[in-house]
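Engineer: Sending over a structure as structure tokens; questions will come in a sec.
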Amino acid sequence: MSKSALITGVTGQDGAYLAEYLLKKGYVVHGIKRRSSMFNTERIDHLYQDPHVEKRNFILHYGDLTDSMNITKIIQECQPDEIYNLAAMSHVKVSFDTPEYTANADGIGTLRILEAVRLLGLTQKSRIYQASTSELYGLVQEVPQTEKTPFYPRSPYGVAKLYAYWITINYREAYGLHASNGILFNHESPIRGETFVTRKISRAMAKISLGMQDCLYMGNLSSRRDWGHAKDYIKAMYLILQQDKPDDYVIATGVTTSIREFIHKTFAAAGMEISFAGENENETGNIVNVDDKLFREKVGPEFIDAVKKRITDDPVMVRIDRNYFRPTEVDLLIGDSTKARTKLGWIPKYDLNGLIEDMITSDINMMKKENHIKNGGFRTFNYFE
Ligand code: NAP
Ligand code: G4F
């Protein structure tokens with residue numbers, strides 16, 4: 001018989017990739033989606049199955065991690081072999097605006113799942129993956145960060161996830177649940193939420209290259225992140241739940257890069273060289289050169305004259321906006337995933353350049369489509385961050 005999995009946060013970046021991955025492995029996948037006033041299933045539309053189809057293997061349930069009864073009812077109905085708890089208010093900056101909600105969804109939400117499994121008598125059946133995070137390290141106490149590095153979270157998000165991390169371990173030790181934490185460092189993709197920094201940069205670069213946007217406004221350019229590809233990271237989640245014993249694992253590339261360097265690399269991948277000048281809030285990123293061949297190949301020959309003109313006429317493509325700064329920042333993340341590589345056999349396929357290539361190819365295509373629709377006189381969406 002097929003294994004079954006329940007994914008909370010199935011409409012998010014990781015949920016979408018994981019659902020696709022498990023379906024390919026023959027799982028019956030249940031996903032929890034939130035009620036919203038508009039469709040919120042764009043990332044999983046390609047997996048959707050009409051409810052009238054018999055023997056569906058991808059089934060969506062309305063739910064919310066802040067609703068205990070709802071979560072308990074869904075777990076009771078699905079009786080899943082594996083639960084991947086990916087749902088969260090996952091934006092660090094927004095968690096300063098909604099700290100109580102973040103604690104409820106990201107912290108107590110995890111408790112609701114663990115307690116439901118216990119109360120339903122599923123402790124021996126349902127294995128649980130908890131989406132823990134490198135944000136736990138916050139003000140880092142050790143470089144690089146391992147499973148043994150002490151935590152020091154720096155945001156309401158990080159603190160809520162700290163509770164979720166420990167309650168997962170507590171239920172494992174107290175009740176014998178197969179419950180594990182994946183301490184995942186930042187992972188990105190073409191379907192990354194548009195307000196996270198990598199996607200914001202990739203989208204803006206695409207729009208700027210096509211003449212659809214003048215400037216990218218950014219916060220702290222000096223913080224450093226260990227960025228991997230979400231497609232690699234969801235495989236680690238799966239591997240963690242296939243182990244005989246539950247345990248906690250760092251999942252990371254071991255390479256750290258500043259936001260400034262990420263901007264430079266992203267623009268360079270499309271043939272635009274950005275040079276930074278000035279300090280603090282007056283720092284700017286200016287276009288200083290265009291690689292003719294690369295730009296024509298990645299963006300298109302029809303856009304090159306306008307971009308070259310900017311070198312002399314209007315070179316500033318990146319500016320600082322204080323509104324994007326955080327009350328407390330996580331300055332440096334770099335993970336040591338030796339344990340995962342040794343015990344799980346987890347090996348990521350993408351490096352940072354491969355990730356950037358994947359993201360810009362997708363965003364340039366998307367923005368070209370938008371441009372085409374707009375030039376055809378039709379309404380396009382105007383999303384700002
Ligand atoms: P994401 O794209 O923001 O997706 C979050 C998902 O959670 C969405 O499906 C969202 O639904 C859902 N959700 C939010 N609040 C909810 C609630 N109260 N009840 C039920 N569902 C709720 O996040 P992601 O990047 O895929 O990350 C997945 C998980 O890994 C999150 O827990 C995140 O905190 C954690 N994590 C992420 C990273 C990373 O770099 N991506 C690193 C470490 C840990 P809507 O679509 O309706 O908003
Ligand atoms: O892309 P970010 O918003 O991701 P952050 O804060 O590292 O959190 C992400 O990774 C965590 C894992 O470590 C996850 F747990 C979490 O759910 C989320 O997926 O910001 C990255 C860095 C920060 O230092 C931020 O200050 O980029 C800096 N930054 C500079 N300008 C900006 C901006 N971040 C955003 N979102 N927008 C900016 O304009």
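The values are calculated or read from the model by the stated rules, or taken from the named source; none is laboratory data. Since the structure is predicted, the reported quantities are computational estimates derived from the model, not experimental observations. We place every Cβ from the backbone using ideal geometry, glycine too, and count neighbours over all the protein chains shown.
Engineer: Do we have Ile183 as among the aliphatic types (A, V, I, L, M) and either away from ligand 2 (no atom under 11 Å from the Cβ) or part of a helix (DSSP H, G or I) (or both) here?
Structural biologist: No: the conditions fail for Ile183.
Engineer: Look at Lys308 and say whether it is closer than 30 Å to Glu142 by Cα and surrounded by 14 or more Cβ atoms within 10 Å (Cβ to Cβ).
Structural biologist: no
Engineer: Read through the list (1) within 30 Å of Met272 (Cα to Cα); (2) within 20 Å of the chain's Cα centre (by Cα), then give the number of the only condition that Ser180 fails.
Structural biologist: For Ser180, the failing item is (1).
Engineer: Is it the case that some residue within segment 338-351 is part of a helix (DSSP H, G or I), within 16 Å of ligand 2 (Cβ to nearest atom), buried (at least 17 other Cβ atoms within 10 Å of the Cβ) and modelled with pLDDT of 95 or more?
Structural biologist: yes
Engineer: Can you find, within segment 123-143, the residue that is nearest to Arg326 (Cα to Cα) among those that are surrounded by fewer than 20 Cβ atoms within 10 Å (Cβ to Cβ) and more than 13 Å from ligand 2 (Cβ to nearest atom)?
Structural biologist: Gln141
Engineer: Continuing with this model, one more query. Please enumerate the residues belonging to segment 132-176 that are within 14 Å of ligand 1 (Cβ to nearest atom) and farther than 15 Å from Asn104 by Cα.
Structural biologist: Ser132, Thr133, Ser134, Glu135, Leu136, Tyr137, Gly138, Gln145, Phe151, Pro153, Thr168
Engineer: Could you say which residue among Gly228, Gly254 is within 16 Å of ligand 1 (Cβ to nearest atom) and on the phi > 0 side of the Ramachandran plot?
Structural biologist: Gly254
Engineer: Give me the residue from segment 279-298 that is surrounded by 15 or more Cβ atoms within 10 Å (Cβ to Cβ), assigned to a helix (DSSP H, G or I) and not aromatic (Phe, Trp, Tyr) and, out of that set, farthest from the chain's Cα centre (by Cα).
Structural biologist: In this case the residue turns out to be Arg296.
Engineer: Restricting segment 258-278 to residues that are part of a strand (DSSP E or B) and surrounded by fewer than 19 Cβ atoms within 10 Å (Cβ to Cβ), which is farthest from ligand 2 (Cβ to nearest atom)?
Structural biologist: Glu273
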